[in-house]
Each structure stands twice: as C-alpha cells, then as structure tokens.
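The next block holds one structure in the form of structure tokens; read it before the comments.
The values are calculated or read from the model by the stated rules, or taken from the named source; none is laboratory data. Predicted model, so just to flag it, every value in this text is computed and none were measured. Please note: Cβ atoms are built from the backbone with ideal geometry, for glycine as well, and neighbour counts cover all protein chains shown.
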Amino acid sequence: MTPTIDGAALLDEVEAFHRRFNIFPSEAAYVAVALWDAHAHLLDCFDSTPRIAFLSPEPGSGKTRALEIVETLVPQPMTAVNASAAALFRSVSSGNGKPTILFDEIDTVFGPKAGDNEELRGFLNAGHRRTGVTYRCIGDGGQQTVQAFPSYCAVAVAGLGSLPDTILSRSVIIRMRRRARNEKVEPFRARIHEAEGHKLRDRLAQWAEQARGFVMGAWPDMPDGVADRPADVWEPLLAIADAAGGDWPDRARAACVNLVTASKANDKGSLGVRLLTDLRDHVLIGVDKLPTIAILDRLNALDDAPWADLDGKPLDNRRLARLLGEYMTADLTPIKSRNIRTAGGVLKGFHAEDLADAWARYCPPPPQDSATPATPLQPSSEPLTV
C-alpha cells in the first residue's frame, strides 16, 4: 500500500526547489508557482485552468529559468517556442494525456512586431476552460468536415512586455526582475537537477491521486474582493492549497490578494479604460468639471501615458469625444461634452458627474495617494449663454 503523502510538506519542498534557482519578485509569487505546478497534475478536477505568465520589461530577468524549473515538475511538459496553433491543438487532442505547454518568448507571438496570431490566441483562450474546443475543417476539397479538437490544457508562458488582455485576464502574472547584485541563486545544471525535479514531479502525481476526491467539485472560499475572472483564475490554486493543508490555505489566500491587487494596479485595460482612469486619477481631481482644452493639456503632459503620441499625433478634442462617447452616464446616455462657464467665457468640457458611473464600472481601484489636484476654475459672474 502506498504511504500517505503530506501535501503541505510536499508543497514546501516544491517551493524550496524553485527558491534554489529562481528569484521571484515576492513571497506571493513562490506560493502561486508551487500551487500552479501541483494543479497541472489535477486538471480534470477543475472547470478551468489558469495560465501562469512570467513577464518582464527587459531580457535577463529569469523568465526562461522559471520555465525550466516548472518543466521538471509538471506532467508531460511540451516546450513550444514558435509552435503553430495546429501543432498545439493536435498535441492536446491526441488522446495520449494532456501536455503542459511551456511557451517561451511569447512576445514573438503577441508582441508589437509579431504578425497575425489570432489562431494561436484563440487556442490559448479556448483552452482555459475544460469545455474549450478548437474547430477545424479536415479532409480534402469537397470532402471536408468540421471537427472539434479539445483545447483544455495547462499553459505557462514567458516573455517581454505584456500579453493580450484576453490572456492576461486568465493568468497568474509574475512580473520578473533582473537579479540584484546581492541576490544569489544556485546554478541550474540539467544533468544534475532535472532528476531532482522529476522525483518531486512523481510525488506530486502520487499526491494528486490521493487529493483527487478532495479537490473534485471543491468550492474554495475566496478572499474578500476577489470575484469574477480573478476568482476563476485562483479557484483551482486555492482548492489545491486547501487539500494540502498546513499553512498553505492561509498563504494561498494572502498570495491571491497580493497578486490580484498587483495585476489590477498594472492593468490599464483598453485605451478607453486608460483614458477614464487617467481622467479620474490625474486630471479631474478636486474639480467637478474642466474644459476640453484644459483636459487635453493635462492628459498630453502626463508622463508614461500614450496621449501625447497616438499614431504620431497628440490626443485632440475629436478623439477625446469619440473615446468617451463609447461609455454611458448613469442616465444611460453617451458621455459627451457640455457647456462650462469660465472667467473667459463659455467653453465645452466634461463634468465629473457624467464620468462617475463609468469610473465605478470600468476602472481599477483608485490609488491611495492622489495626484496634485487640478486647479479649480475661476467662477464667472456673467450669466451662462449657449
């Protein structure tokens, strides 16, 4: 009879193995990666699988090394640099067990210099759900038939920059950094250390069979404020932590809050959401309305913002009106400019009350420290004329 494996102690060992070779940006990242390694052995127990994304702004930040360590710990790893969508979905649907796809240099697929990769993006999106399939025509000429290929599998990616929103929102995001001079790791030597990782992988597989009954159909309690897509992402990982026991349930929930909060802080969403967020956090602070000309001046002067160079031109009043017009006020009318009385006359501009509903629905939580308030408009004693 196979002895019972202590799940908490085993996850401790998996985490320690990563710590030997990886410098992650936070304690939360070590917890998340160890749980993700374990969840890959129990995919059939969950309705969805989170992607894990090791991203950094510069090369040499340890992303590839992170994937190399993950590769030793997960079932049937498949390294997929420059793999086509067709090759991936045929591998997943082959019937020989679910591969764990490890996609390095993902920026070459989705980065600004990449070509059209909608087919691969569709595969990665569909494979997030257990019911996900990819439809393809097979056969020749007029004998073609439509066949559904299962796409559900665990995927880890690494790359520079960011990813499409549809993939980011389905991912646990680990934002890697270059090692500081005082941060040391053990050199990874495949001939020596792969075997150590494989022993842990085999024990994870044994523990997975032991924990299967516990995680199948589990509904783990979510931390306050984690709902919708982030809850879908973290549900399998929290179920794994609850099954392992020890201090892992508490550590997992702390890591969940930490990484979900960090992802929201870094997520500017679409250009429209970025505009709404910058208006709330940097422009319409301390005032209830502002003329369009003042709004444009403040937006185009923001550091680390796209407004001064949109396709080679600064944001203008027409594009501002068009972007905001896609969103509704609380009265279900499109946001649009209104007359604002100023000391210099009547100007067109936008009112904070018209934006409030869109801010509440689309923007991430406001930062704790607000920017310098905008200069209030000087009131006019002249009657408003339109």
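Run down ILE340, ILE293 and say which single residue is in contact with a Gly (Cβ under 9 Å, 6 or more places away or on another chain), more than 27 Å from THR166 (Cα to Cα), loosely packed, with under 14 Cβ neighbours inside 10 Å and not polar (S, T, N, Q).
Values: ILE340 fails: loosely packed, with under 14 Cβ neighbours inside 10 Å.
Being in contact with a Gly (Cβ under 9 Å, 6 or more places away or on another chain), more than 27 Å from THR166 (Cα to Cα), loosely packed, with under 14 Cβ neighbours inside 10 Å and not polar (S, T, N, Q) holds for just one of ILE340, ILE293, which is ILE293.
Quick one: which of LEU88, LEU55 is over 18 Å from the mean Cα position of the chain (by Cα), among the aliphatic types (A, V, I, L, M) and under 22 Å from ASP37 (Cα atoms)?
Numbers: LEU55 fails: over 18 Å from the mean Cα position of the chain (by Cα).
Checking each option against the conditions leaves just LEU88.
Taking PRO306 as the residue in question, decide whether it is modelled with pLDDT of 85 or more and in a loop (DSSP other than H, G, I, E, B).
Details: modelled with pLDDT of 85 or more: yes; in a loop (DSSP other than H, G, I, E, B): yes.
Here the answer is yes, as PRO306 does meet what is asked.
Restricting to segment 58-77, name every residue that is farther than 22 Å from ILE173 by Cβ and within 22 Å of the chain's Cα centre (by Cα).
If the condition is that a residue be farther than 22 Å from ILE173 by Cβ and within 22 Å of the chain's Cα centre (by Cα), then no residue fits.
Which number in (1) surrounded by fewer than 13 Cβ atoms within 10 Å (Cβ to Cβ); (2) part of a strand (DSSP E or B); (3) at pLDDT 80 or above marks the one condition that ILE173 misses?
(1)
Select from segment 275-303 the residues that are touching a Ser or Thr at 6+ places or on another chain (Cβ under 8 Å) and in a helix (DSSP H, G or I) and write down the one among them that is nearest to ALA343 (Cα to Cα).
Selected residue: THR292.
Quick one: which residue in ALA211, ALA227, ALA243 is in the same structural domain as ASP47 (by TED's automatic domain parsing), farther than 30 Å from GLY345 by Cβ and surrounded by fewer than 16 Cβ atoms within 10 Å (Cβ to Cβ)?
Numbers: ALA211 fails: surrounded by fewer than 16 Cβ atoms within 10 Å (Cβ to Cβ); ALA243 fails: surrounded by fewer than 16 Cβ atoms within 10 Å (Cβ to Cβ).
The conditions single out ALA227.
Provide a single number: the residues in segment 11-32 that are under 16 Å from ALA243 (Cα atoms) and buried (at least 20 other Cβ atoms within 10 Å of the Cβ).
Within segment 11-32, residues that are under 16 Å from ALA243 (Cα atoms) and buried (at least 20 other Cβ atoms within 10 Å of the Cβ) number 4.
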